[in-house]
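Here the structure comes first, spelled out in structure tokens, and everything after it is commentary.
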Amino acid sequence: MKILVPVKRVIDYNVKVRVKTDGSGVDLSNVKMSINPFDEIAVEEAVRLKEKGIASEIVVVSIGVPQAKDILRTALAMGADRAILIDATADVNQDIEPLAVAKILATIAEQERPDLILAGKQAIDNDMNATGQMLAGLLGWGQATFASRIEVTEGSVLVTREVDGGLQTIRVRLPAVVTADLRLNEPRYVSLPNIMKAKKKPLDERTLASLGIDITPRLRATRTMEPPQRNAGARVASVDELIDRLKNEAGVI
Amino acid sequence: MSVLLLGEVHNGHLATDAVARALSALASLDTRVDVLIMAGDGATAAQEASRLNGVARVLVAQDDALAHGLAEPAAALVVSLAPDYTHIAAASTAFSKNILPRVAALLDVMVITDVTAIRDAETFDRPVYAGNAIQTVTSTDPIRVLTIRTSVFQAVGQGEPAPVETVPPVADPVLSSWVEDMAVISERPELTAARVVVSGGRGVGSKEHFETIVRLADRMGAAVGASRAAVDLGYAPNDWQVGQTGKVVAPDLYLAVGISGAIQHLAGMKDSRVIVAINKDADAPIFRIADYALVGDLFTVVPELTAKL
Ligand SMILES: Cc1cc2nc3c(=O)[nH]c(=O)nc-3n(C[C@H](O)[C@H](O)[C@H](O)COP(=O)(O)OP(=O)(O)OC[C@H]3O[C@@H](n4cnc5c(N)ncnc54)[C@H](O)[C@@H]3O)c2cc1C
Ligand SMILES: Nc1ncnc2c1ncn2[C@@H]1O[C@H](COP(=O)(O)O)[C@@H](O)[C@H]1O
């Protein structure tokens, strides 16, 4: 079975973002960038399926700036077999919308014919939580979002999903799109020898023009602002003082 | 202009609070809103929806394929109704986030998730970067597909029932099938609707000790929340996770116990009216946003608080 894993280069989850004062966006120059944490989980799951002998090939794809090669190398070091980079922009501040990403991925899926596409549930920069579902729709495939457990069986996958009331298990016919949630697995650390080995794995760089897909954004970001800030309040010395303040000052109990 | 609002159904009942909050968000559009019920048996939920203020009409689609929120048949049905609407909306939940991006792609439009303000028919605010920035976006699409962050809006009231109509089901593409739900039925208030939320983190130490948090919550009539660390470690179920990638809450009172205050957690609770933090580390980041900070060991503080309330 062949697995395609879309991976996005995003601001590292440990970095505190700075919103530009002119409202034009977030300052992404000179900040640490990493593989989107959910995509790292998706890569890990694909690698485990390969280690179990279920998957035969893992292809990772990223769409964005040429610097996304770094995160593709990370995915290769984790155990992916080859990588595709779609050079879509030279501007590190340009985010490619999920609809455009899904269209590009659908085209790649038609060329690569994977049995399973394992994406992250959400990119931690735009927090959109949409690409996997959009891709499944465009391809006319079944989807299983927010996966915390995946079991591949003949012709289908059994997926346990994290939903609002608890967990739901569904069966989806292959080929399918599955999006990874936090509890699916704990990604491995990449070792130095594997990083060295990854440098020799194939990384195919393609231009957006070669795909002929229009990525003009449908949503125009007109303003990006800092949310209202909260300040530290009072220290209370005891449980009695806390109860008193909640009753008589805040009026919430 | 007209809106189609998805009305989520659980065990035959409407997720009334979520739908009522979404209705109040949509009120600023000042246009007709039809609620769509998709269920195996939608009769009760349709009646519940029909009584909410601001509903022009309730549409009910009943089919076994629609009983479990599977994305493919639900999206196909919504797409079949889309030509009559300028906006397709839902409360931002696991149910709608599963379906609406698929709907948007099938309509060749972008989805706008987690809307926190509707400025006009095409302009919306939504948080990005774990709520560290609020972006205003203008849609250039002919149909706007959005999910609404309900914690920001008050629920509408109830009044005279609106008419209920049946809509024909569409053929299920049968790409997926439901196997089972492992739902925890609880008497406690729902996390996203509760007036008080008590959350525990890694500091609570074990599943057994998490009972201390649950006892305090029950004493206060509160919902129980958890940090990602507490869920990952198995102290609490997944649907209690509050944060960037969990549930977003804004209760009158939020108590964070043994939670350090990572930005991903703050993203899910920093709009609460009053925040109390209990932590043994006087420098814990959670204290920077807490209205009341109690530095101490949760194992003495929480039982004392529970006893004295
Ligand atoms: C992609 C991604 C998504 C994420 N999404 C979320 C999310 O949605 N929600 C979320 O919560 N996190 C999320 N996280 C995780 C987040 O970054 C933090 O790791 C997590 O919130 C930490 O949980 P915690 O505060 O319980 O644990 P810790 O940071 O370990 O804090 C434990 C706290 O307990 C205190 N403590 C210990 N013992 C006691 C005691 N006896 N009495 C009192 N205090 C005590 C300690 O002083 C400490 O402050 C996400 C991370 C990533 C990468
Ligand atoms: N530019 C991109 N390149 C590759 N994969 C992406 C890109 N954008 C989104 N994805 C994939 O889609 C998932 C969900 O992203 P989003 O819909 O933006 O929240 C991510 O976790 C990735 O797996």
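The figures follow:
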quantity	calculated
Residue-averaged beta-carbon neighbours from other chains (10 angstrom radius) around A:234-247	5
Simple label model, 7 Å out from Cα along Cβ direction - A:Ile195 to A:Leu158, nm	4.0
Estimated 222 nm signal from helices in the protein assembly as shown, with DSSP H stretches of n ≥ 4 weighted -39500 (n - 2.57), rounded to 500	-7500 deg cm²/dmol
With 5 Å bins from 0: P(r) over the stretch B:112-209, alpha-carbon pairs, percent	2, 7, 10, 10, 14, 17, 18, 13, 5, 3, 1
Portion, in percent, of the accessible area of the protein assembly as shown that falls on carbon or sulfur, probe 1.4 Å	49
Rounded if a/c under 1.5, otherwise prolate or oblate - the stretch B:63-152, Cα gyration tensor axes	oblate
Principal-axis tilt of helix B:16-26 within chain B, Cα atoms, nearest 10 degrees	70
Most fluctuating residue given options B:Lys280, B:Lys270, B:Lys247, as computed from a GNM of chain B linking Cα atoms under 10 Å	B:Lys280
Per principal axis, descending, Cα span of chain B in whole Å	59, 39, 39
Taking N as its residue count, the alpha carbon Rg of the protein assembly as shown over 2.2 N^0.38 Å	0.95
Gaussian network model of chain B, springs between alpha carbon atoms under 10 Å - residue of B:Asp41, B:Asp17, B:Asp239 with greatest fluctuation	B:Asp239
Listed residues A:Ser210, B:Ser2 arranged by accessible area, highest first, probe 1.4 Å	A:Ser210, B:Ser2
Computed over chain B: relative contact order in percent, which uses C-alpha pairs under 8 Å that are six or more apart	15
Length-normalised contact order for chain A - Cα pairs under 8 Å, 6+ apart - percent	23
Surface/4 estimate of mean projected area, convex hull on alpha-carbon atoms of the stretch A:44-143, nm²	6.3
Chains B and A, summed buried accessible surface - 1.4 Å probe, Å², nearest 100	6900
Choice from B:Ser272, B:Ser80, B:Ser260 with maximal GNM fluctuation in chain B (Cα, 10 Å cutoff)	B:Ser80
Sum of side-chain charges, B:Leu77 neighbourhood, beta-carbon under 12 Å (Lys, Arg +1; Asp, Glu -1)	-2
Shape category assigned to chain A from the gyration tensor of Cα positions, a/c cut at 1.5	prolate
Simple spin-label estimate for A:Lys69 and A:Thr222 in nanometres, 7 Å along Cα-Cβ	4.0
Label-point separation in nm, A:Val92 to A:Ile213, each point 7 Å along Cα→Cβ	2.5
Extension gain (nm, one decimal) between A:Arg149 and A:Thr107, 0.36 nm per residue minus Cα-Cα	12.4 nm
Nearest-ten-degree value, helix A:69-78 long axis tilted from longest Cα axis of chain A	80
Around A:Lys32: net Lys/Arg minus Asp/Glu count, Cβ-Cβ under 14 Å	-1
Solvent exposure of the protein assembly as shown as accessible area per residue, Å², 1.4 Å probe	39
Rounded D (µm²/s) - the stretch A:108-161, Kirkwood Rh over Cα pairs, Stokes-Einstein at 20 °C, 1.002 mPa s	175
Acute angle (nearest 10 degrees) that the helix B:298-308 long axis makes with the longest principal axis of chain B, alpha-carbon atoms	80
Where B:Phe299, B:Phe287 fall by accessible area, highest first, once all protein chains stay in place (1.4 Å)	B:Phe299, B:Phe287
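The values are calculated or read from the model by the stated rules, or taken from the named source; none is laboratory data. Please read all numbers here as calculations on a predicted model, not as lab measurements. Positions of Cβ are generated from backbone atoms using ideal geometry, with glycine treated the same way; all protein chains shown enter the neighbour counts. For the accessible areas, the whole protein counts, side chains as well, though only heavy atoms, and no ligand, DNA or RNA atoms are used. Shrake-Rupley method; radii C 1.70, N 1.55, O 1.52, S 1.80 Å.
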